[in-house]
Amino acid sequence: MDAGVAEQVGELFRGGAAVVAATANAEGRPSITRGWGPTISGDGYVVVCLTACTGSAMRSNLAAKGRIAVTAAHPVTYNSAQVKGTVDVVRDPTDDEFDRVEAHRARFAGAAAEVGLADAGCIMLGDLVTVGLLDTTADDLNLSPGPRRAGTKPGAGSGARSVSFHDSDGTVLIDGDYIIRGVAGRILFAMLTEYQRSGRVWFSNRELRLNRDIGLPAGNDNLDARLVTLRRRLAERGDPFQLQPVGRGQLELIVTSAVHVHRNDLPPG
């Protein structure tokens, strides 16, 4: 990796960016988790602490020392970068690394508070493991200050996954495969559409309830139950976007692949 690019990525790592890591097993099924306290050397070697419980799919994937992608995105500026590499080492964190994790969590909580996520500092770290990445490349660099322009489609280019929405029954398909339908499908479409429009990944239960396009019933809308169903469905399928609670009434949309979202008003075949 070019030293100048590594320095730019390092500046993002040292800020209050949200960090996620993605791996895959031998069958290609992805696993996603949060990352904390990342560092990058001048030649692109990355060290990051990941939440990975013993016996989890993430821990198994790390032990296999395959490919891994680490994505960082700042909640205020939308500056973002993805670093891809090969797992080099997997070990317990040192005391210095625990200190970096706590410092990163404090910076992230401060940045998240600026966009209304007051409980971001309460995110549980879980079981942490330190991972080293070598042979890294930096992709999807968006290091210009400020949010993406309205109307742009982040990542909608070569290799983008196609997400189609059918308004007749709220069905959402990815590359032609069924994901979910009904109100949960409308919720997912609303969030992905906003992500494609502006790059925003932070959403609140309140704004979902006020979104008339979603069509939540008045009174007892069962929004929390619908969100649980949607999160489980996405996790079971291993889709390139996941939902993660980040505080009371707050959600983060984690996107690990370029997506192109479009509306199809014709009933699905």
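The values are calculated or read from the model by the stated rules, or taken from the named source; none is laboratory data. Treat the numbers as computed from the prediction; the structure is a model and nothing was measured. Here the Cβ positions follow ideal geometry from the backbone for every residue, glycine too, while neighbour counts run over all protein chains shown.
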Odd one out for D224 among (1) farther than 16 Å from R181 by Cα; (2) of a type outside the set (S, T, Y); (3) touching a Ser or Thr at 6+ places or on another chain (Cβ under 8 Å)
(3)
Being touching a strand residue (DSSP E or B) at 6+ places or on another chain (Cβ under 8 Å), assigned to a strand (DSSP E or B), of a type in the set (D, E, K, R) and surrounded by 17 or more Cβ atoms within 10 Å (Cβ to Cβ) is true for just one of R34, R105, R100. Which residue is that?
R34
Go through (1) closer than 19 Å to V255 by Cα; (2) of a type in the set (S, T, Y); (3) surrounded by fewer than 20 Cβ atoms within 10 Å (Cβ to Cβ); (4) in contact with a Lys or Arg (Cβ under 8 Å, 6 or more places away or on another chain) one by one and return the number of the condition T77 breaks.
(4)
Here are some conditions: (1) acidic (D, E); (2) in contact (Cβ under 8 Å) with a residue 40 or more places away in the chain; (3) within 17 Å of Q82 (Cβ to Cβ). E7 meets all but one. Which one does it not meet?
(2)
Taking first residues from the range 79-92 that are closer than 13 Å to V48 by Cβ and second residues anywhere that are buried (at least 18 other Cβ atoms within 10 Å of the Cβ) and among the charged types (D, E, K, R), the pairs with Cβ under 9 Å that are 6 or more apart or on different chains are V90/R59
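Mind telling me which of the residues G44, G66, G85 ends up being out of contact with any Gly (no Cβ under 6 Å at 6 or more places or on another chain), small (G, A, S) and over 15 Å from M1 (Cβ atoms)? Please lay out each step first, then the result.
On the way: G44 fails: over 15 Å from M1 (Cβ atoms); G85 fails: over 15 Å from M1 (Cβ atoms).
Residue meeting the stated conditions: G66.
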Please go through the range 176-219 and pick out each residue that is surrounded by 19 or more Cβ atoms within 10 Å (Cβ to Cβ), in a loop (DSSP other than H, G, I, E, B) and over 19 Å from the mean Cα position of the chain (by Cα).
I214
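Okay, residues lined up against (1) touching a His at 6+ places or on another chain (Cβ under 8 Å); (2) modelled with pLDDT of 90 or more; (3) farther than 15 Å from G132 by Cα; (4) buried (at least 19 other Cβ atoms within 10 Å of the Cβ):
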residue	(1), (2), (3), (4)
G4	no, no, yes, no
P30	no, no, yes, yes
T39	no, yes, no, no
C49	no, yes, no, yes
C53	no, no, yes, no
K65	no, yes, no, no
Look through the range 220-240, keep the residues that are loosely packed, with under 14 Cβ neighbours inside 10 Å and in a loop (DSSP other than H, G, I, E, B), and return whichever of them is farthest from the chain's Cα centre (by Cα).
N220
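Within the range 254-269, take every residue that is modelled with pLDDT under 85 and hydrophobic (A, V, I, L, M, F, W, C) and give me the one that is farthest from L188 (Cα to Cα).
Taking the range 254-269 first, the residues modelled with pLDDT under 85 are 254-259, 264-269.
Narrowing the set further to residues that are hydrophobic (A, V, I, L, M, F, W, C) leaves 254-255, 258-259, 266.
Working: I254: 12, V255: 12, A258: 16, V259: 13, L266: 19 Å.
Among residues in the range 254-269 that are modelled with pLDDT under 85 and hydrophobic (A, V, I, L, M, F, W, C), the one farthest from L188 (Cα to Cα) is L266.
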